[in-house]
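Take a look at the structure set out below.
The values are calculated or read from the model by the stated rules, or taken from the named source; none is laboratory data. This one's a predicted model, so the numbers in the text were calculated from it and none came from an experiment. No Cβ is skipped: glycine too gets one built from the backbone with ideal geometry, and neighbour counts run over all protein chains shown.
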Amino acid sequence: MASSSIIGHSRQCAELTADIQNGTLAHAYLFAGKKHLGKFTVARWFAASLLSAKTNDEEEERIHALCKKNMHPDLLTLDRLWIDELCTDWNIIARSSSAPQQHRAKAKVKTDTIGIDDVRALQERLYETPQGSKTVCLIRSIERLHITAANAFLKILEEPPPHVLFCFTTESLGNVPQTIISRMRTMHFFPVPQAELEPIVTTMSSEDRALLLGIAGGAPGIILRCLNDAEHFRAQRQMHIDAHYFYESPSILTRYRRLLDSWETDESSSLFLRQLFLRISSEMHGEKQHAQEAAAFARKFFSLLRTLETNTQKDLLAAHTSLSLSHT
(Lines give C-alpha, C1' and ligand atoms only; values in the text may rest on other atoms or scores of the structure.)
Protein backbone atom coordinates (compact mmCIF):
# COMPACT_ATOMS: atom_id res chain seq x y z
CA MET A 1 0.00 0.00 0.00
CA ALA A 2 2.88 2.35 -0.79
CA SER A 3 1.89 5.98 -1.11
CA SER A 4 5.19 7.06 -2.68
CA SER A 5 3.40 8.43 -5.75
CA ILE A 6 1.50 10.95 -3.61
CA ILE A 7 3.09 14.34 -3.08
CA GLY A 8 2.90 15.27 0.60
CA HIS A 9 0.17 14.27 3.07
CA SER A 10 2.27 11.50 4.65
CA ARG A 11 0.46 11.79 7.99
CA GLN A 12 -2.98 11.37 6.41
CA CYS A 13 -1.77 8.41 4.32
CA ALA A 14 -0.25 6.77 7.40
CA GLU A 15 -3.52 7.14 9.33
CA LEU A 16 -5.53 5.64 6.47
CA THR A 17 -3.09 2.75 6.12
CA ALA A 18 -3.37 2.08 9.86
CA ASP A 19 -7.18 2.07 9.60
CA ILE A 20 -7.01 -0.62 6.91
CA GLN A 21 -4.42 -2.74 8.70
CA ASN A 22 -6.05 -2.48 12.13
CA GLY A 23 -9.63 -2.91 10.92
CA THR A 24 -10.65 0.48 12.35
CA LEU A 25 -12.21 1.89 9.20
CA ALA A 26 -14.96 4.47 9.45
CA HIS A 27 -17.91 3.92 7.12
CA ALA A 28 -17.43 7.41 5.64
CA TYR A 29 -14.52 9.85 5.33
CA LEU A 30 -14.47 13.51 4.39
CA PHE A 31 -11.21 15.00 3.12
CA ALA A 32 -11.29 18.77 3.60
CA GLY A 33 -8.86 21.34 2.26
CA LYS A 34 -8.34 23.94 -0.43
CA LYS A 35 -8.36 23.14 -4.15
CA HIS A 36 -5.52 21.26 -5.88
CA LEU A 37 -3.93 19.87 -2.71
CA GLY A 38 -4.37 16.27 -3.87
CA LYS A 39 -7.34 15.23 -1.74
CA PHE A 40 -8.97 13.19 -4.50
CA THR A 41 -5.62 11.63 -5.42
CA VAL A 42 -5.31 10.41 -1.83
CA ALA A 43 -8.94 9.23 -1.91
CA ARG A 44 -8.32 7.15 -5.03
CA TRP A 45 -5.13 5.70 -3.53
CA PHE A 46 -7.04 4.91 -0.32
CA ALA A 47 -9.75 3.12 -2.32
CA ALA A 48 -7.18 1.06 -4.23
CA SER A 49 -5.35 0.21 -1.01
CA LEU A 50 -8.56 -0.96 0.64
CA LEU A 51 -9.67 -3.02 -2.36
CA SER A 52 -6.24 -4.66 -2.62
CA ALA A 53 -5.79 -5.36 1.08
CA LYS A 54 -4.65 -8.92 1.90
CA THR A 55 -3.73 -9.67 -1.72
CA ASN A 56 -0.36 -10.69 -3.14
CA ASP A 57 1.93 -8.17 -4.81
CA GLU A 58 0.82 -9.03 -8.34
CA GLU A 59 -2.88 -8.71 -7.53
CA GLU A 60 -2.27 -5.51 -5.59
CA GLU A 61 -0.55 -3.96 -8.60
CA ARG A 62 -3.39 -5.04 -10.88
CA ILE A 63 -6.06 -3.50 -8.61
CA HIS A 64 -4.16 -0.22 -8.27
CA ALA A 65 -3.85 -0.04 -12.07
CA LEU A 66 -7.60 -0.63 -12.50
CA CYS A 67 -8.45 2.03 -9.92
CA LYS A 68 -6.10 4.50 -11.58
CA LYS A 69 -7.96 3.94 -14.86
CA ASN A 70 -11.30 4.14 -13.04
CA MET A 71 -12.18 0.61 -14.19
CA HIS A 72 -12.40 -1.44 -11.00
CA PRO A 73 -15.91 -2.95 -10.65
CA ASP A 74 -16.03 -2.26 -6.90
CA LEU A 75 -15.05 1.39 -7.24
CA LEU A 76 -17.74 4.04 -7.82
CA THR A 77 -16.55 7.57 -8.51
CA LEU A 78 -18.45 10.78 -9.07
CA ASP A 79 -16.10 13.50 -10.20
CA ARG A 80 -16.67 15.18 -13.55
CA LEU A 81 -20.36 15.49 -14.40
CA TRP A 82 -22.17 15.43 -17.74
CA ILE A 83 -23.22 19.04 -18.42
CA ASP A 84 -25.11 20.08 -21.53
CA GLU A 85 -22.97 22.17 -23.92
CA LEU A 86 -20.03 22.10 -21.49
CA CYS A 87 -18.96 18.51 -20.87
CA THR A 88 -20.67 15.97 -23.11
CA ASP A 89 -17.71 13.78 -24.09
CA TRP A 90 -18.23 10.42 -22.39
CA ASN A 91 -14.59 9.44 -22.94
CA ILE A 92 -13.47 12.43 -20.88
CA ILE A 93 -16.09 11.86 -18.20
CA ALA A 94 -15.18 8.16 -17.92
CA ARG A 95 -11.61 9.03 -16.96
CA SER A 96 -12.80 10.44 -13.65
CA SER A 97 -16.35 9.17 -13.06
CA SER A 98 -17.81 5.67 -13.16
CA ALA A 99 -21.17 6.41 -11.51
CA PRO A 100 -24.23 6.33 -13.84
CA GLN A 101 -24.89 9.67 -15.54
CA GLN A 102 -27.04 8.81 -18.54
CA HIS A 103 -30.00 10.44 -16.81
CA ARG A 104 -28.15 13.77 -16.91
CA ALA A 105 -27.74 13.53 -20.69
CA LYS A 106 -31.40 12.60 -21.12
CA ALA A 107 -32.53 15.57 -19.03
CA LYS A 108 -29.93 17.90 -20.64
CA VAL A 109 -28.67 19.03 -17.25
CA LYS A 110 -26.86 22.38 -17.40
CA THR A 111 -25.25 22.68 -13.95
CA ASP A 112 -22.41 21.13 -11.96
CA THR A 113 -24.77 20.56 -9.04
CA ILE A 114 -25.22 16.98 -7.82
CA GLY A 115 -28.98 16.51 -7.86
CA ILE A 116 -31.46 14.04 -6.43
CA ASP A 117 -31.44 12.00 -9.65
CA ASP A 118 -27.66 11.62 -9.37
CA VAL A 119 -28.01 10.28 -5.84
CA ARG A 120 -30.76 7.85 -6.89
CA ALA A 121 -28.67 6.53 -9.78
CA LEU A 122 -25.70 6.09 -7.46
CA GLN A 123 -27.85 4.43 -4.82
CA GLU A 124 -28.86 1.66 -7.22
CA ARG A 125 -25.21 0.74 -7.67
CA LEU A 126 -24.39 0.94 -3.97
CA TYR A 127 -26.69 -1.94 -3.10
CA GLU A 128 -25.23 -4.29 -5.71
CA THR A 129 -23.14 -7.17 -4.36
CA PRO A 130 -19.43 -6.36 -4.79
CA GLN A 131 -17.02 -8.78 -6.46
CA GLY A 132 -14.76 -8.47 -3.43
CA SER A 133 -15.65 -7.70 0.16
CA LYS A 134 -16.07 -3.94 -0.24
CA THR A 135 -17.49 -1.28 -2.54
CA VAL A 136 -15.79 2.10 -2.31
CA CYS A 137 -17.69 5.23 -3.33
CA LEU A 138 -15.71 8.42 -4.03
CA ILE A 139 -17.35 11.80 -4.59
CA ARG A 140 -15.36 14.94 -5.32
CA SER A 141 -16.55 18.29 -3.94
CA ILE A 142 -19.54 17.13 -1.92
CA GLU A 143 -20.52 20.78 -1.44
CA ARG A 144 -22.02 20.45 -4.95
CA LEU A 145 -24.95 18.50 -3.45
CA HIS A 146 -28.31 20.18 -3.96
CA ILE A 147 -30.33 20.43 -0.74
CA THR A 148 -32.71 17.64 -1.81
CA ALA A 149 -29.76 15.46 -2.84
CA ALA A 150 -28.04 16.18 0.47
CA ASN A 151 -31.14 15.06 2.37
CA ALA A 152 -31.32 11.87 0.33
CA PHE A 153 -27.66 11.16 0.90
CA LEU A 154 -28.07 11.80 4.60
CA LYS A 155 -30.52 8.90 4.77
CA ILE A 156 -27.96 6.64 3.09
CA LEU A 157 -25.28 7.68 5.59
CA GLU A 158 -27.65 7.05 8.50
CA GLU A 159 -28.14 3.44 7.40
CA PRO A 160 -25.23 2.73 5.04
CA PRO A 161 -24.95 -0.57 3.18
CA PRO A 162 -22.56 -2.66 5.33
CA HIS A 163 -20.19 -3.38 2.44
CA VAL A 164 -19.82 0.25 1.29
CA LEU A 165 -17.16 2.72 2.35
CA PHE A 166 -17.68 6.36 1.36
CA CYS A 167 -14.91 8.87 0.81
CA PHE A 168 -15.74 12.47 -0.11
CA THR A 169 -13.76 15.65 -0.62
CA THR A 170 -14.68 19.27 -0.03
CA GLU A 171 -13.04 22.64 -0.55
CA SER A 172 -15.46 24.31 1.84
CA LEU A 173 -16.65 22.65 5.05
CA GLY A 174 -18.91 25.65 5.62
CA ASN A 175 -20.94 24.69 2.56
CA VAL A 176 -21.51 21.09 3.66
CA PRO A 177 -24.54 20.46 5.93
CA GLN A 178 -23.44 19.79 9.50
CA THR A 179 -25.78 16.79 9.62
CA ILE A 180 -23.68 15.16 6.89
CA ILE A 181 -20.33 16.15 8.40
CA SER A 182 -21.35 14.66 11.75
CA ARG A 183 -21.77 11.24 10.14
CA MET A 184 -18.28 11.11 8.67
CA ARG A 185 -14.71 11.15 9.87
CA THR A 186 -13.19 14.45 8.73
CA MET A 187 -9.52 14.59 7.77
CA HIS A 188 -7.97 17.99 7.10
CA PHE A 189 -5.48 18.52 4.29
CA PHE A 190 -3.00 21.39 4.32
CA PRO A 191 -0.62 23.00 1.81
CA VAL A 192 2.41 20.82 1.13
CA PRO A 193 5.75 22.25 2.38
CA GLN A 194 7.94 23.69 -0.38
CA ALA A 195 10.71 21.19 0.38
CA GLU A 196 8.36 18.34 -0.64
CA LEU A 197 7.36 20.14 -3.86
CA GLU A 198 10.87 21.01 -5.06
CA PRO A 199 11.72 17.50 -6.36
CA ILE A 200 9.00 17.74 -9.05
CA VAL A 201 10.36 21.01 -10.49
CA THR A 202 14.09 20.22 -10.51
CA THR A 203 14.29 20.18 -14.32
CA MET A 204 13.04 23.76 -14.63
CA SER A 205 15.10 26.94 -14.71
CA SER A 206 15.61 28.65 -11.35
CA GLU A 207 13.33 31.51 -12.46
CA ASP A 208 10.48 29.21 -13.56
CA ARG A 209 10.96 27.06 -10.48
CA ALA A 210 10.58 30.03 -8.14
CA LEU A 211 7.57 31.26 -10.11
CA LEU A 212 5.84 27.89 -10.09
CA LEU A 213 6.44 27.25 -6.39
CA GLY A 214 5.05 30.71 -5.66
CA ILE A 215 2.01 30.14 -7.84
CA ALA A 216 1.32 26.75 -6.25
CA GLY A 217 1.11 27.99 -2.68
CA GLY A 218 1.62 24.43 -1.46
CA ALA A 219 -0.84 22.86 -3.92
CA PRO A 220 0.78 20.03 -5.97
CA GLY A 221 -2.12 20.00 -8.43
CA ILE A 222 -1.28 23.50 -9.65
CA ILE A 223 2.34 22.50 -10.33
CA LEU A 224 1.36 19.29 -12.12
CA ARG A 225 -1.10 21.14 -14.36
CA CYS A 226 1.56 23.67 -15.33
CA LEU A 227 4.06 20.88 -16.04
CA ASN A 228 1.56 19.02 -18.21
CA ASP A 229 0.01 22.05 -19.92
CA ALA A 230 2.59 24.42 -21.41
CA GLU A 231 -0.09 26.85 -22.57
CA HIS A 232 -1.49 27.14 -19.05
CA PHE A 233 1.98 27.77 -17.64
CA ARG A 234 2.60 30.47 -20.24
CA ALA A 235 -0.63 32.12 -19.14
CA GLN A 236 0.53 31.96 -15.53
CA ARG A 237 3.87 33.50 -16.46
CA GLN A 238 2.17 36.30 -18.39
CA MET A 239 -0.16 37.03 -15.47
CA HIS A 240 2.91 37.21 -13.24
CA ILE A 241 4.42 39.85 -15.54
CA ASP A 242 1.12 41.73 -15.80
CA ALA A 243 0.69 41.78 -12.02
CA HIS A 244 4.22 43.18 -11.65
CA TYR A 245 3.54 46.03 -14.06
CA PHE A 246 0.11 46.67 -12.53
CA TYR A 247 1.66 47.00 -9.07
CA GLU A 248 4.50 49.22 -10.24
CA SER A 249 2.58 51.34 -12.75
CA PRO A 250 1.83 54.97 -11.83
CA SER A 251 -0.69 55.14 -14.69
CA ILE A 252 -4.35 55.04 -13.72
CA LEU A 253 -5.30 54.17 -17.31
CA THR A 254 -2.88 51.23 -17.42
CA ARG A 255 -4.32 49.79 -14.22
CA TYR A 256 -7.89 50.36 -15.39
CA ARG A 257 -7.33 48.55 -18.69
CA ARG A 258 -5.52 45.68 -16.99
CA LEU A 259 -8.33 45.12 -14.52
CA LEU A 260 -10.90 45.05 -17.33
CA ASP A 261 -8.78 42.57 -19.31
CA SER A 262 -8.45 40.29 -16.31
CA TRP A 263 -12.23 40.10 -15.93
CA GLU A 264 -12.87 38.71 -19.42
CA THR A 265 -13.14 35.22 -17.93
CA ASP A 266 -13.35 33.83 -14.41
CA GLU A 267 -10.10 31.92 -14.90
CA SER A 268 -8.09 34.92 -16.12
CA SER A 269 -9.50 37.01 -13.26
CA SER A 270 -8.49 34.36 -10.75
CA LEU A 271 -4.99 34.04 -12.23
CA PHE A 272 -4.36 37.79 -12.26
CA LEU A 273 -5.68 38.44 -8.76
CA ARG A 274 -3.65 35.54 -7.37
CA GLN A 275 -0.47 36.86 -8.99
CA LEU A 276 -1.19 40.34 -7.67
CA PHE A 277 -1.70 38.90 -4.19
CA LEU A 278 1.65 37.07 -4.41
CA ARG A 279 3.38 40.28 -5.44
CA ILE A 280 1.82 42.23 -2.55
CA SER A 281 2.75 39.44 -0.14
CA SER A 282 6.39 39.44 -1.24
CA GLU A 283 6.58 43.24 -0.85
CA MET A 284 5.14 43.05 2.67
CA HIS A 285 8.04 40.80 3.67
CA GLY A 286 10.62 43.19 2.23
CA GLU A 287 12.10 46.44 3.49
CA LYS A 288 10.09 48.40 6.06
CA GLN A 289 9.21 51.26 3.69
CA HIS A 290 8.09 48.89 0.96
CA ALA A 291 6.19 46.79 3.49
CA GLN A 292 4.21 49.82 4.66
CA GLU A 293 3.34 50.76 1.06
CA ALA A 294 2.36 47.17 0.32
CA ALA A 295 0.16 47.04 3.42
CA ALA A 296 -1.74 50.12 2.24
CA PHE A 297 -2.06 48.56 -1.22
CA ALA A 298 -3.24 45.30 0.35
CA ARG A 299 -6.09 46.99 2.24
CA LYS A 300 -7.44 48.44 -1.01
CA PHE A 301 -6.81 45.17 -2.83
CA PHE A 302 -8.91 43.19 -0.34
CA SER A 303 -11.60 45.85 -0.54
CA LEU A 304 -11.63 45.19 -4.29
CA LEU A 305 -12.05 41.45 -3.72
CA ARG A 306 -14.99 41.97 -1.35
CA THR A 307 -16.68 44.36 -3.76
CA LEU A 308 -16.00 42.12 -6.76
CA GLU A 309 -18.15 39.35 -5.26
CA THR A 310 -21.34 41.38 -5.65
CA ASN A 311 -20.55 44.19 -8.09
CA THR A 312 -21.90 43.73 -11.62
CA GLN A 313 -20.68 47.10 -12.92
CA LYS A 314 -17.12 45.94 -13.30
CA ASP A 315 -16.06 48.81 -15.55
CA LEU A 316 -17.02 51.31 -12.84
CA LEU A 317 -15.38 49.14 -10.19
CA ALA A 318 -12.16 49.00 -12.25
CA ALA A 319 -12.16 52.78 -12.60
CA HIS A 320 -12.79 53.31 -8.87
CA THR A 321 -10.07 50.80 -7.91
CA SER A 322 -7.52 52.32 -10.30
CA LEU A 323 -8.14 55.78 -8.89
CA SER A 324 -7.96 54.49 -5.33
CA LEU A 325 -4.68 52.63 -5.87
CA SER A 326 -3.10 55.67 -7.52
CA HIS A 327 -2.96 57.34 -4.10
CA THR A 328 -1.13 54.43 -2.46
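Take Ala48 and decide whether it is farther than 13 Å from Ile139 by Cβ, small (Gly, Ala, Ser) and in a loop (DSSP other than H, G, I, E, B).
Working: farther than 13 Å from Ile139 by Cβ: yes; small (Gly, Ala, Ser): yes; in a loop (DSSP other than H, G, I, E, B): no.
So Ala48 does not fit the description; no.
Criterion first (modelled with pLDDT of 90 or more, assigned to a helix (DSSP H, G or I) and within 19 Å of Asp118 (Cα to Cα)) does His64 satisfy it? Explain how you work it out, then say what you get.
Numbers: modelled with pLDDT of 90 or more: yes; assigned to a helix (DSSP H, G or I): yes; within 19 Å of Asp118 (Cα to Cα): no.
In short, no.
Among the residues of the range 24-33, is any closer than 19 Å to Pro220 by Cβ, touching a helix residue (DSSP H, G or I) at 6+ places or on another chain (Cβ under 8 Å) and at pLDDT below 95? Spell out how you get there, then give the answer.
We begin by selecting, within the range 24-33, every residue closer than 19 Å to Pro220 by Cβ; these are 31-33.
With the extra rule that they be touching a helix residue (DSSP H, G or I) at 6+ places or on another chain (Cβ under 8 Å), the set shrinks to 31-33.
Next cut, at pLDDT below 95 only: none.
No, that holds for no residue.
Would you call Lys34 surrounded by 14 or more Cβ atoms within 10 Å (Cβ to Cβ) and among the basic types (Lys, Arg)?
Values: surrounded by 14 or more Cβ atoms within 10 Å (Cβ to Cβ): yes; among the basic types (Lys, Arg): yes.
Against the criterion (surrounded by 14 or more Cβ atoms within 10 Å (Cβ to Cβ) and among the basic types (Lys, Arg)), Lys34 qualifies.
Here are the criteria: (1) in contact with a Cys (Cβ under 7 Å, 6 or more places away or on another chain); (2) within 25 Å of Arg183 (Cβ to Cβ). Tell me which single one Ile93 does not satisfy.
In the conditions (1) in contact with a Cys (Cβ under 7 Å, 6 or more places away or on another chain); (2) within 25 Å of Arg183 (Cβ to Cβ), Ile93 misses (2) alone.
The rows are residues; the columns are (1) free of Cβ contacts under 8 Å to residues at least 12 places away in the same chain; (2) more than 22 Å from Phe166 (Cα to Cα); (3) over 19 Å from the mean Cα position of the chain (by Cα).
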site: Phe40; (1), (2), (3): no, no, no
site: Ser49; (1), (2), (3): no, no, yes
site: Asn70; (1), (2), (3): no, no, no
site: Asp84; (1), (2), (3): no, yes, yes
site: Gln101; (1), (2), (3): no, no, yes
site: Arg104; (1), (2), (3): no, yes, yes
site: Ala107; (1), (2), (3): yes, yes, yes
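Please report, ordered by residue number, the helices (runs of 4 or more DSSP H) entirely within the range 72-141 with at least 3 residues that are at pLDDT 90 or above and surrounded by 19 or more Cβ atoms within 10 Å (Cβ to Cβ). Lay out the reasoning, then the answer.
Details: elements: 90-94, 102-107, 116-126.
In the range 72-141, the matching helices (runs of 4 or more DSSP H) lie at 116-126.
Quick check on this structure: which one of Leu138, Leu66 is closer than 24 Å to His163 by Cα and either small (Gly, Ala, Ser) or touching a helix residue (DSSP H, G or I) at 6+ places or on another chain (Cβ under 7 Å) (or both)? Break it down stepwise before answering.
On the way: Leu66 fails: either small (Gly, Ala, Ser) or touching a helix residue (DSSP H, G or I) at 6+ places or on another chain (Cβ under 7 Å) (or both).
Just one listed residue meets the conditions, Leu138.
Looking at this structure, is Glu264 at pLDDT below 85, outside any helix (DSSP H, G or I) and either farther than 26 Å from Thr170 by Cβ or not assigned by TED's automatic domain parsing to the domain that holds Leu157 (or both)?
Values: at pLDDT below 85: yes; outside any helix (DSSP H, G or I): yes; either farther than 26 Å from Thr170 by Cβ or not assigned by TED's automatic domain parsing to the domain that holds Leu157 (or both): yes.
So Glu264 passes the test.
Restricting the search to the range 142-171, which residues are touching a Ser or Thr at 6+ places or on another chain (Cβ under 9 Å) and part of a loop (DSSP other than H, G, I, E, B)?
His146, Pro161, His163, Glu171
Restricting attention to the range 187-216, report how many residues are in contact with a strand residue (DSSP E or B) (Cβ under 8 Å, 6 or more places away or on another chain) and either crowded, with 16+ Cβ neighbours inside 10 Å or not in a strand (DSSP E or B) (or both). Quick ask: steps written out before the conclusion?
Quick first cut of the range 187-216, residues in contact with a strand residue (DSSP E or B) (Cβ under 8 Å, 6 or more places away or on another chain) only: 187-189.
Within this subset, residues satisfying the condition of being either crowded, with 16+ Cβ neighbours inside 10 Å or not in a strand (DSSP E or B) (or both) are 187, 189.
Within the range 187-216, residues that are in contact with a strand residue (DSSP E or B) (Cβ under 8 Å, 6 or more places away or on another chain) and either crowded, with 16+ Cβ neighbours inside 10 Å or not in a strand (DSSP E or B) (or both) number 2.
When the range 108-139 is examined, which residues are found to be among the charged types (D, E, K, R), touching a His at 6+ places or on another chain (Cβ under 9 Å) and within 14 Å of Arg80 (Cα to Cα)? Lay out the reasoning, then the answer.
Keep residues of the range 108-139 that are among the charged types (D, E, K, R), which gives 108, 110, 112, 117-118, 120, 124-125, 128, 134.
Now restrict to residues that are touching a His at 6+ places or on another chain (Cβ under 9 Å): 117-118, 120, 134.
The answer is Asp118, and nothing else.
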